[in-house]
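Here's the structure, in structure tokens; my notes come after.
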Amino acid sequence: IVQELVNNALKYADATQIVVQLTKQPEKVTVTVEDNGKGFDKQVLAGQPGAGLINIRHRVDYFKGSIDIDSGPGSGTSVTIELNE
């Protein structure tokens, strides 16, 4: 999941900085990947077929987790994934 998010930041967002954070708590693991790239409009992306985010969502679902994507044109992207143990 993290590899795909970092790859997307490099390939599509033209990011120059990427921060990956991993936090483990007794009941869950949280992964946050943030970049300073060009961002995107989530509404436009939702209507486009693409394997990258679909694969990420499937992997998160497999682990019974949740995903939150915060992005906008020109504002970079932050993806937070919570996986329950």
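The values are calculated or read from the model by the stated rules, or taken from the named source; none is laboratory data. Please read all numbers here as calculations on a predicted model, not as lab measurements. Heads up, the Cβs are rebuilt from the backbone with ideal geometry, glycines too, and the neighbour counts pull from every protein chain shown. The protein model used for the area step is the full one, side chains on, heavy atoms only, and it has no ligands, DNA or RNA in it. Shrake-Rupley method; radii C 1.70, N 1.55, O 1.52, S 1.80 Å.
Here are the numbers for this structure:
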{"item": "For residue 14: the one exception among (1) surrounded by 13 or more Cβ atoms within 10 Å (Cβ to Cβ); (2) on the phi > 0 side of the Ramachandran plot", "result": "(1)"}
{"item": "Matching residues, the stretch 20-37, being open to solvent by less than 70 Å² (accessible area, probe 1.4 Å), touching a Ser or Thr at 6+ places or on another chain (Cβ under 8 Å) and of a type outside the set (Gly, Ala, Ser)", "result": "23, 29, 30, 31, 32, 33, 35"}
{"item": "Condition check for residue 21: at pLDDT 95 or above and over 11 Å from the mean Cα position of the chain (by Cα)", "result": "yes"}
{"item": "Residues of the stretch 68-83 satisfying the condition of being crowded, with 18+ Cβ neighbours inside 10 Å and under 22 Å from residue 27 (Cα atoms)", "result": "79, 81, 82, 83"}
